[in-house]
1. Only four residue types carry charge here, +1 at the Cβ of Lys and Arg and -1 at the Cβ of Asp and Glu. Report the dipole size of region 25-124 about the Cα centre in Debye, rounded to the nearest 20.
2. Quick one: which of 224-232, 17-25 comes out on top by average Cβ neighbours within 10 Å, and what's the full order, highest first?
3. Tell me, S50, S31, S74 in order of fewest to most beta-carbon neighbours within 10 Å?
4. Between R229 and C291, 0.36 nm times their residue separation minus their Cα-Cα distance comes to what?
5. Which order do the peptides 267-273, 145-151 come out in when sorted by mean C-beta neighbours inside 10 angstrom, highest first?
6. Testing the spin-label approximation: label points 7 Å from Cα along Cα→Cβ at L239 and S31. State their distance in nm.
7. Pairs of Cα atoms under 8 Å, at least six residues apart: use those to get the relative contact order of region 25-124, whole percent.
8. Would you work out the charge dipole size for region 113-262 about its Cα centre, treating the Cβ of every Lys and Arg as +1 and the Cβ of every Asp and Glu as -1, and quote it to the nearest 20 debye?
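Rule-based calculations on the coordinates, nothing more; no lab input. This one's a predicted model, so the numbers in the text were calculated from it and none came from an experiment. Quick reminder, even Gly has a Cβ in these numbers, built from the backbone with ideal geometry, and neighbours come from all protein chains shown.
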Amino acid sequence: MSAPSLASFVPVPPGSHFPIQNLPFGVFRSSPGGSARVGVAIGEQVLDLSVVADAGLLGDVGDVVKDTGCFHQSSLNTFMALGRPVWQRTRAALQRLLSADEPTLRDNKALRTNALHHQSHVLMELPAVIGDYTDFYASKHHATNVGRLFRGKGNELPAQWLYMPIAYHGRSSSVVVSGTPIERPRGQLGLPPSSPSSSFASLSPLFGPSQQLDFELEMAVLIGPGNERGESIPVERALDCCFGMVLCNDWSARDIQRWEYVPLGPFLGKNFATTISPWVVTMDALQPCVCSPPPQQDPVPLPYLRDPSPRTFDIRLQVFIAPSAPASAASVPAAETPTTAPPNPPVLPRPPLRARTPCCPLTPLTPPPLPLVRRRSLTDCRLSLCAAATSTTCTGRYPSRWRTTASMAAP
C-alpha cells in the first residue's frame, strides 16, 4: 500500500482519481494505426510501459517483464500470468519512477516526451483477451428484485441461493470496451402474466426488438494465474489470483430473459453485449477500500466457502441516466412494434441504441449536460471476494432514447 502523502512529478488535477496511489493498467494505441501496448494512468497522462521497460527503469523486476515482452503486447494476459509478487514489485517500481523526488524520468525531457501520452490523444482497447467469464449472482438485493420480476412476490430467491455461489456462464466473444456502440437485440419477448393465476405457458411470445433493455452496474475481477484442470483454489488463496477490477455493464434484455428463463436460464437475453471499462484497478490499489464483511449469513456457508480471514471492499458507485439529445433520440416506431410471432416471424428493423458505460474506473464523471432524469447513489456497495462480480439493485426499464453512464469513486 502506498502512502497517502506520496506525490508525482506528473501533474494530477485536484480530485483526480488517477493519482500515484492508483496507477491502473490498460492497453492503448497512440494512433489509430499504431501498435497496442500496455500503459498505466497517472493524472491526465498514460505512461507507456513498453518505453519504460526498454529503458531499463523498472529496477529488479525489469528483467522479468522485459524477457516476457509483456508490455509490448496488445493485452495484459502475459503480465497477469506472472503472479502477484511481480505485480506488486512492478507497481512499487512505477511509484518510485513517477514520484516527485525521482529525477530519472522527471528530468529526461526526451524520454518523458516518448513515454507520456495525454489520455485524450490515445485509443483505449480491451485490457485483456477474455477466453471465458462467469457472471455471479452475488447481490441478494439484486437477486430478490429480479426474482420478483420473473417469479412473483414471495418466490424471489431460489432455495440454493443461500447455500452456493449462483452464477451463469457468460459469452466472452461479446465483451466490449467502454464506448463501443451497443445494438438493441431482437428475440422472442415474454410478457408478464396478466394475473397471478395465469402463466407464461398460456401466452404466445412476441418477436421484435427488446422493449425492456436494462443495465446492471457490476464490478468484474480479472484473474491472473489460473489453476490446473481438476485443481481447486482454496478460498484463502483466492485474492492472490485476482489481478484487479473493472466496471462492468451486464446489458440485459428483460423481456427476452423473462421468456427464456425457464428452461434455459440466462441466455439470449444477456449474451449480446457486456461492456467493461478499459482501466484495471489493481487489488493493491484498492487496499484502502478493504473493510470488515457484513454479518455472517444465515445459513452459515459450507466449510469450503468460509474464509479464515474474511474481508471485503467498501466502494461507492453512482449511476447517471440522462435523455439523449433530441436529434439523436431513438424510439421504436409503430411499424416496429413487436407482434405475435407467426410460424416464420418477420425480421424487424433494429432501433438504434445509443448507450455508453464509463470510460474508466476510479475516474470522476462529469454529469451529462442534459437534465438528469434519474440519479441513484449506490453507496457502501459491498463486494465479496468469492464473487467475480456483483450487481446493484437497478432493475428499472427505460425507453430506448435514454442512455446510461456511470462513475466509480473510492470512499
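1. Numbers: 10 positive and 9 negative charges, 34 e Å.
The calculated dipole for region 25-124 is roughly 160 debye.
2. Details: 224-232: 10.1, 17-25: 23.3.
Highest-to-lowest ranking by the protection proxy: 17-25, 224-232.
3. Values: S50 20, S31 10, S74 16.
Ranked by crowding around the Cβ, least crowded first: S31, S74, S50.
4. Values: separation 62, 0.36 × 62 = 22.32 nm, distance 3.28 nm.
Net length gain for the segment: 19.0 nm.
5. Details: 267-273: 21.4, 145-151: 17.7.
Result, highest mean Cβ count within 10 Å first: 267-273, 145-151.
6. With each label point 7 Å from Cα toward Cβ, the separation is 4.5 nm.
7. Details: 132 pairs, mean separation 35.5, N = 100.
Relative contact order, region 25-124: 35 percent.
8. Details: 11 positive and 15 negative charges, 121 e Å.
Here region 113-262 has a charge dipole of around 580 debye.
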